[in-house]
Number of protein chains: 2
Amino acid sequence: MKQSATLIPTLREIPSEIEAKSHKMLLRAGFIRQSTSGVYSYLPLAKRILNKLEKMIHQEMEAIGAVEIGLPTLQPLSVLEHSRNYDEYRKELFQVSNRNNQNFILAPSHEEAMIKLIQDEIQSYKRYPITLYQIQTKYRDENRARNGLLRSREFLMKDAYSFHINDETLEAVYSQMTAAYSTILSKLGLHYEIIQADAGGADDAESLEFIIPADNGDTLIAYSDESRYAANIEIAEVVNEPTSSKETLNPIEKAETPNIQTIEEVCAFFEIEETDCIKALVYKIDGEFAIVLVRGDHQINGVKLKNVLQARTLSLASESEIQELLNCQIGYIGPIKLPVDVKVIADHAISSIRNGVAGANEDGYHYKNVNPNRDFAINLYGDIRNVKEGDPAPDGGTISFKRGIEVGKISKLGTSVCEKLNVNYMDENAQLQPIRMGSFNLGISRIFAVMADIFQDENGFLWPKQFSPYDIHLIPVNIHEESHLNLADELYNILTFYQFDVLFDDRDESVGVKFMDADLIGLPVRVTVGKRASEGIVEVKIRSTGEMFEWAKEELIDHLNEYFRSN
Amino acid sequence: MKQSATLIPTLREIPSEIEAKSHKMLLRAGFIRQSTSGVYSYLPLAKRILNKLEKMIHQEMEAIGAVEIGLPTLQPLSVLEHSRNYDEYRKELFQVSNRNNQNFILAPSHEEAMIKLIQDEIQSYKRYPITLYQIQTKYRDENRARNGLLRSREFLMKDAYSFHINDETLEAVYSQMTAAYSTILSKLGLHYEIIQADAGGADDAESLEFIIPADNGDTLIAYSDESRYAANIEIAEVVNEPTSSKETLNPIEKAETPNIQTIEEVCAFFEIEETDCIKALVYKIDGEFAIVLVRGDHQINGVKLKNVLQARTLSLASESEIQELLNCQIGYIGPIKLPVDVKVIADHAISSIRNGVAGANEDGYHYKNVNPNRDFAINLYGDIRNVKEGDPAPDGGTISFKRGIEVGKISKLGTSVCEKLNVNYMDENAQLQPIRMGSFNLGISRIFAVMADIFQDENGFLWPKQFSPYDIHLIPVNIHEESHLNLADELYNILTFYQFDVLFDDRDESVGVKFMDADLIGLPVRVTVGKRASEGIVEVKIRSTGEMFEWAKEELIDHLNEYFRSN
């Protein structure tokens, strides 16, 4: 490709508000442009990399027997309404109406549509298992689109769904997908970790996330210093250390605590530790209010709470709802003297509190010497808090945190999803049985962004050989110098004949500009035709190492073959 | 691919309301399913054909130096607002708002977005010409989606845009695209015609449409019996035959014509021919009212009218607007005694009317012996009517009509589009100059539908060899018969080794069902492993001709190679 005939608008400066490293360099090197907030145009170089990623992912999917399909982006809103994900998605859905006032969404994934398709088209047990996948643009109206392609509103995803009549085949596909994702990320030269993730809480459900470690990542990972245990903070298990306090239970006392509302203020006022505080919050769970308790030094984990309760919708109550329910401010909520129909859900750690402090459900008052069970009843105990750094890990080690970027998620959903939607197959005896399901997402434009983040130095990109927009950047130093241009032309023909993808910088620019652009664009090999052109000698630069060679044109192909075939 | 592992839900019956032949067979053979009105899911077999179409189109585009790019589907509404197409599109746009109340459209094409990109990124004359293309899902909220994939709301399109600083390179790309489209349609085995089409009316603009002749097509084509002249009725030229009537001009008379409103009623009442009637309609053109006149036997052509007037918006006035303007009903509109600021635009044929009849702009009255120029002034004459069958063609022949399906459109838009949007490049002397533009669309899902329409018989599809979902349908007659299954397995391995794409019907179904499904699906070759399996002999059926052969497994590959390599 002649560089003059394509669009690579490199920039010397980029707007200072751009934060992410990947985003910065993709703009500078002319790979993407923002169309509007969170929505990007892929310019020709980016499109070439995405095409290569797609092709490889297609191959890996087909190697494990997944079948490509193409469901539409416009999905009737009704398809989602009964879905397990609807409440989660809701705010992030782009909704569209047509001229007949039918409501559609722009699909953020196709789980529901795929289940509907299976329900409509496959009844007999004979037609299972089946794994369907697609590579497609998806849409999510992110609250805060950020970091360029890492969290955009229009993005490229591979999503796959498998349907089964027994656990064995589901297990097999889950393993194959795990292996396929590992292969894909390895081929891209990305270091990844596999962590446990939220699968919705059903007993037969399990999820893994594929994470690229990154300090600016959105995913917080709890890992053990002892083993390979690592989990998304959303679900990372808290190990409950049995404590049996001998402390005497003192009589409960009501204390006047004007303007004492935060845990910090309460601790200072009562001269106690955070671990002695009972933190209480009001949640609206499937439309009903409940009080949720964790220890003062702990954070409630919404995902765990939702899973423990098998709730469909869950949100914090608003201040006005709390006023109406308890007639007090947020800082004075507590588990004592609640309206009879308000349930109390507590983290396990609450059970060990002796002579603690809790809000009195009355502005300006707390109780001290509060003891669970004696002073208030608990309807349900569960693991509903975030694990903390320093907590024991399930393997006996100690929990630490780190951050990463989720690029893929695979889920064994068991029968729970299809059972809720009443989607069944017919077994050999013509009985209806629930379908088992797997779901497998891979963020392609996000992977591209991660690659852009990792494969760069201060001068530009260093694309891996197999996933570079082109293999070779061919640069005549001066296109007005006949010897330069002739040899460059000759080499362009030879290199393309030998199946190399060549970007030929035929622009009438200074060699300085051309070299700067070449480093920015980051093709693996730069071939410069310059002062020794008349001798048939070119200069070759390996972008990743900075090595420079002078090679005669006759030996060029051999050297390049060797370089591109090695790892 | 094992048939049991993919999704091919063939049907014995389909809903009777399905009209189009292509749509019926695509449903029956399990290629597509309707998701919602005008929106379809591509099941695995359809996806495979679409992939092959895409791949071939990519190759043809790259062969002429077009560069792939990917602009987002979500486009800010503001991008379209100043576009030449906005009013045309308007009603057909899917509009979306995000949570911050920004308005987007789902792009029906990317002309405006591409112009904006060029404006933002390429200033210097040195970077021209450039041709960018994409293959992408597009959206149009059709008033009446129909005929399945032929007119759907979510569809697959190749759109390309070229930008130039001189006519020569635009002309060259226009020719290359014409040739590429011809190659593409020829490779698909489709008979096509190239007709003249609407390019917006600018002097330097020209469009061609690629049409597949079809009785149920949406495009009405006017063609000549003398030459290759053919044009979309929207723009097909009317040849004005000079007439010089010697008829005496009689004095104008006002006649009472209660309830005489249609041309038919007027002719009967006055005992005249339609050719003596002056048909008058009120249009709202860029916000101003005008009277448009054609002869009683002619139809006003909105596209021509818009082009002649270089209008941005054009619509028929409503009954209430007409009442307010002229204080009469539609049937009594005429060109005489109009409000001073209402312009009169007339088709050329009006000038030859002698002693005609026209509405009096007064309910219940017409004028007779009306003569143009004598009785009313005409602000502008133009070719603003539809050509009719029997009219003279520009080449001296006679016009006939036929119908077809537009699958592609290429346009040389000259400088007009970029001039209106004030999009320029900087020439060698740092002067701003208008950019020339080309636009090139190709409907991929529509081409697929046309193929489905043409390549079928009463039993199912007959896909062309290069664009069939698979090459070979391999069918063991009875999977419980060891000899059948063993030989089929062996052949599956051999055939796939030799790079044939094989669909292996491993289902436990009767041979009748399998054969019926095989005919429906329509792969070029069926290989049946049955009663002579133990001898190593299979039965081969060529789907397109119905020919049957018995071939020994040893000679199978040679025969198949020969078949697939021949035309």
Q: Name the residue, out of B:F515, B:F497, that is aromatic (F, W, Y), within 27 Å of B:H23 (Cβ to Cβ) and either modelled with pLDDT of 95 or more or not assigned by TED's automatic domain parsing to the domain that holds B:M56 (or both).
A: B:F515
Q. Restricting the search to region A:190-220, which residues are in contact with a Ser or Thr (Cβ under 9 Å, 6 or more places away or on another chain) and of a type in the set (A, V, I, L, M, F, W, C)?
A. A:I194, A:I195, A:A197, A:A199, A:A202, A:A205, A:L208, A:F210, A:I211
Q) Within region B:163-175, can one find any residue that is more than 11 Å from chain A (Cβ to nearest Cβ), free of Cβ contacts under 8 Å to residues at least 60 places away in the same chain and open to solvent by 50 Å² or more (accessible area, probe 1.4 Å)? A) yes
Q.
Taking the conditions exactly as written (under 30 Å from the mean Cα position of the chain (by Cα), open to solvent by less than 50 Å² (accessible area, probe 1.4 Å) and without any contact (Cβ under 8 Å) to a residue 24 or more places away in the chain), does B:D457 satisfy them or not?
A. yes
Q: Tell me which residues, restricted to region A:8-42, are crowded, with 20+ Cβ neighbours inside 10 Å and in a loop (DSSP other than H, G, I, E, B).
A: A:I8, A:A29, A:G30, A:F31, A:G38
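Residue under question is B:S186, and the condition is that it be under 23 Å from B:S109 (Cα atoms), loosely packed, with under 15 Cβ neighbours inside 10 Å and out of contact with any helix residue (DSSP H, G or I) (no Cβ under 9 Å at 6 or more places or on another chain); does it hold?
For B:S186, the condition - under 23 Å from B:S109 (Cα atoms), loosely packed, with under 15 Cβ neighbours inside 10 Å and out of contact with any helix residue (DSSP H, G or I) (no Cβ under 9 Å at 6 or more places or on another chain) - is not met.
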Q: Take the residues in region B:458-517 that are aromatic (F, W, Y), out of contact with any strand residue (DSSP E or B) (no Cβ under 9 Å at 6 or more places or on another chain) and in a helix (DSSP H, G or I), then tell me which one is nearest to A:G65 (Cα to Cα).
A: B:F497
Q. So, of the residues in region B:101-130 that are assigned to a loop (DSSP other than H, G, I, E, B) and open to solvent by less than 40 Å² (accessible area, probe 1.4 Å), which turns out to be nearest to the other protein chains (Cβ to nearest Cβ)?
A. B:I122
**Q.** Odd one out for A:L523 among (1) assigned to a loop (DSSP other than H, G, I, E, B); (2) within 14 Å of another protein chain (Cβ to nearest Cβ); (3) touching a strand residue (DSSP E or B) at 6+ places or on another chain (Cβ under 6 Å)
**A.** (2)
Q) Has region A:542-563 got at least one residue that is at pLDDT 95 or above, crowded, with 18+ Cβ neighbours inside 10 Å, more than 16 Å from A:Q466 (Cβ to Cβ) and not hydrophobic (A, V, I, L, M, F, W, C)? A) no
Q. If you take the residues of region B:390-405 that are part of a strand (DSSP E or B) and open to solvent by 50 Å² or more (accessible area, probe 1.4 Å), which of them is farthest from B:D198 (Cα to Cα)?
A. B:T398
Q | Evaluation of B:R146 against (1) open to solvent by 50 Å² or more (accessible area, probe 1.4 Å); (2) under 24 Å from B:L74 (Cβ atoms); (3) more than 11 Å from chain A (Cβ to nearest Cβ) (one fails), failing number | A | (2)
Q: Report those strands (runs of 3 or more DSSP E) wholly inside region A:330-379 carrying at least 1 residues which are within 36 Å of the chain's Cα centre (by Cα).
A: A:343-347
Q. Within region A:24-49, which residues are under 24 Å from A:K187 (Cβ atoms) and more than 7 Å from every other protein chain (Cβ to nearest Cβ)?
A. A:M25, A:L26, A:A29, A:F31, A:I32, A:L45, A:A46, A:R48, A:I49
Q.
Need the failing condition index for A:E490 against (1) surrounded by fewer than 19 Cβ atoms within 10 Å (Cβ to Cβ); (2) of a type in the set (D, E, K, R); (3) within 25 Å of the chain's Cα centre (by Cα), just the number.
A. (3)
Q | Hey, B:E60 modelled with pLDDT of 95 or more, acidic (D, E) and touching a Ser or Thr at 6+ places or on another chain (Cβ under 8 Å) or not | A | yes
Q. Do we have any residue at all in region B:75-83 that's open to solvent by less than 10 Å² (accessible area, probe 1.4 Å), in the same structural domain as B:V417 (by TED's automatic domain parsing), touching an Asp or Glu at 6+ places or on another chain (Cβ under 7 Å) and within 22 Å of B:R153 (Cβ to Cβ)?
A. yes
Q. So which residues in region A:257-294 are in contact with a Phe, Trp or Tyr (Cβ under 6 Å, 6 or more places away or on another chain) and open to solvent by 20 Å² or more (accessible area, probe 1.4 Å)?
A. A:I260
Q.
Looking at the structure I just gave you, is B:F440 in contact with a helix residue (DSSP H, G or I) (Cβ under 7 Å, 6 or more places away or on another chain), closer than 20 Å to B:L7 by Cβ and open to solvent by less than 10 Å² (accessible area, probe 1.4 Å)?
A. no
Q. Quick one: B:S16 ticks every box in (1) more than 9 Å from chain A (Cβ to nearest Cβ); (2) within 23 Å of B:S468 (Cα to Cα) bar one, so which box is it?
A. (2)
Q) Within region B:477-501, which residues are in contact (Cβ under 8 Å) with a residue 24 or more places away in the chain, more than 16 Å from B:G530 (Cβ to Cβ) and within 14 Å of chain A (Cβ to nearest Cβ)? A) B:D501
Q. In region B:425-436, which residue that is touching a Leu at 6+ places or on another chain (Cβ under 9 Å) and of a type outside the set (A, V, I, L, M, F, W, C) is surrounded by the most Cβ atoms within 10 Å (Cβ to Cβ)?
A. B:R436
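Please pick out the residue among A:M61, A:M56 that is within 21 Å of the chain's Cα centre (by Cα), in a helix (DSSP H, G or I), crowded, with 21+ Cβ neighbours inside 10 Å and away from chain B (no Cβ under 11 Å).
Of the residues listed, the single one that is within 21 Å of the chain's Cα centre (by Cα), in a helix (DSSP H, G or I), crowded, with 21+ Cβ neighbours inside 10 Å and away from chain B (no Cβ under 11 Å) is A:M61.
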Q) Is it true that some residue in region A:72-88 is within 11 Å of chain B (Cβ to nearest Cβ) and charged (D, E, K, R)? A) no
Q. Considering only residues of region A:295-326 that are among the charged types (D, E, K, R) and assigned to a loop (DSSP other than H, G, I, E, B), which is most open to solvent (accessible area, probe 1.4 Å)?
A. A:R312
Q: Scan region A:221-239 residue by residue and report those that are surrounded by fewer than 18 Cβ atoms within 10 Å (Cβ to Cβ) and touching a Ser or Thr at 6+ places or on another chain (Cβ under 9 Å).
A: A:D225, A:E226
**Q.** Test set (1) loosely packed, with under 15 Cβ neighbours inside 10 Å; (2) part of a strand (DSSP E or B) - A:N422 fails condition number
**A.** (2)
Q. Out of the residues in region B:327-367 that are β-branched (V, I, T) and surrounded by 22 or more Cβ atoms within 10 Å (Cβ to Cβ), which is farthest from B:A255 (Cα to Cα)?
A. B:I345
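The values are calculated or read from the model by the stated rules, or taken from the named source; none is laboratory data. What you see is a predicted model, and the numbers here were worked out from it, not measured in a lab. Every residue, glycine among them, receives a Cβ derived from its backbone with ideal geometry; neighbour counts consider all protein chains shown. When the accessible area is computed, the model is the full protein with side chains, heavy atoms only, and any ligands, DNA or RNA have been set aside. Shrake-Rupley method; radii C 1.70, N 1.55, O 1.52, S 1.80 Å.
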